[in-house]
Amino acid sequence: MRARRLLAYAWAGPTTAVGLIATGAALASGGRARNVDGVLEVHGGFATFALRRLTLLQGGAAAMTLGHVVLGQDADSLARTRRHERVHVRQCERWGPLFLPAYLGTSAVLWLMRRDAYYDNFFEREAYTLDKLG
């Protein structure tokens, strides 16, 4: 089982690396980080700025998953979205380095089709469905 976990971390590694870069920026700008069940949760500083200003969602996003890193606007956002974001962590473990291109590509195709690039995205639909199932 341990080998399987290590493989999951390695396969998701490229996406996690992007999350670690964002983590460094958040910590350098006053943010905080902690490990929760093998996932690095980061909030404040750059993480808050990025989620409020650099997403396509009206009003920003409460949280975002990048591999085994979850960025949140604040600790409450991380707690409130934990189940949803853990679905994205598992998606990153399945898709590995293809996760970000697949997610962004799906959103781009949906946008070109004049559909909602966030809520109609397969990855978000799966996360919302599994989150509701608990």
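The values are calculated or read from the model by the stated rules, or taken from the named source; none is laboratory data. Quick caveat, the model's predicted, so the values are computed rather than measured. For neighbour counting, all protein chains shown are included, and Cβ atoms are generated from backbone atoms with ideal geometry for every residue, glycine included.
Residues that are of a type in the set (A, V, I, L, M) and assigned to a loop (DSSP other than H, G, I, E, B) within the range 92-120 comprise MET113, ALA117, listed in sequence order.
Scanning the range 45-56 turns up at least one residue that is over 24 Å from TYR119 (Cα atoms), surrounded by 14 or more Cβ atoms within 10 Å (Cβ to Cβ) and of a type in the set (Phe, Trp, Tyr).
Listed by first and then second residue, the pairs with beta-carbon distance under 8 Å, at least 6 apart or on different chains, first residue in the range 82-94 and of a type in the set (A, V, I, L, M, F, W, C), second at pLDDT below 95, are VAL87/LEU130; VAL87/ASP131.
Determine whether the range 38-47 contains at least one residue that is part of a helix (DSSP H, G or I), closer than 20 Å to CYS92 by Cα, modelled with pLDDT of 95 or more and of a type outside the set (Asp, Glu). So far as the range 38-47 goes, yes, one or more of its residues are part of a helix (DSSP H, G or I), closer than 20 Å to CYS92 by Cα, modelled with pLDDT of 95 or more and of a type outside the set (Asp, Glu).
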